[in-house]
Structures are given as C-alpha cells and as structure tokens.
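All of the numbers you see were taken from the coordinates with simple rules; none came from a lab. Computed from a prediction, not measured in an experiment: that's the story for all the values here. Counting neighbours? That spans all protein chains shown, and the Cβs are built from the backbone with ideal geometry, glycine included.
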C-alpha cells in the first residue's frame, strides 16, 4: 500500500466513516475505496478531488505532498435515498401512484393542508 492508500484509510477511520459511506459521499464504489486503501492504485483526478472533499482534506495531503490535513471536517453524509416504489402496471395503478406522489410533494412543501 502506498502513501495514498495509507492516508486514505487512516483519515477515513479517524473521521469514523465506513468504506460504504465514503463511497456514497465520493460517488464511487465501495470496492474501489477498498482497492485504493490496499493497493498502490490511484484514482482519476476527478475522483481524487471528490474523495478529498468528502474527507475534508486536500488532495496534497492524500498524495503525501503535505502533512497538513488542513481542512476542518464537517460531516455532510446524507443517507442514500429510499428505494423507488414499485412502478405502476396499469392505468388505475398509475393514477393512484401520481396522486400519492403529488400529495407527498405538496405536503413536504407545505402547499397542502391536511
């Protein structure tokens, strides 16, 4: 494991973030997080930036160019969205589905009174 993998794992653990959470935050797969942590493989530049942003650090720190973690960590992990509803299979189900979604959106935006 190279400097990047070592620092990635240490910082992720220090921030109490799981590999799965980091993967969601950086829009990569959990498998790739594990691969970066255990091999000398480096991510593409855009992925490196997303990882650094997710961990609240600089790309220079992750690459071993500086020892300053420097950016304060502000956790902004958002849980993945709920799985989608089952799609309607008939016109009757579609009408009911649209009403349900519309009502939900209107309530969430305080546009519908109970």
Fill in the blank from the handout: If the chain between residue 3 and residue 86 were fully extended at 0.36 nm per residue, the gain over the current Cα-Cα distance would be 25.4 nm
Fill in the blank from the handout: Once both label points are put 7 Å beyond Cα along the C-beta direction, the residue 95-residue 60 separation in nm becomes 6.4 nm
Exercise for the section: With a ≥ b ≥ c taken as the square roots of the eigenvalues of the C-alpha gyration tensor of the range 6-67, please select rounded if a/c is under 1.5 and otherwise prolate if a/b is larger than b/c or oblate if it is not? Expected result: rounded
Fill in the blank from the handout: Between residue 109 and residue 30, the FRET efficiency computed from the C-beta separation at R0 = 41 Å comes out, to the nearest 0.05, as 0.75
Handout entry: Cβ-derived FRET efficiency at R0 30 Å, residue 18 paired with residue 42, nearest 0.05
Key = 0.90
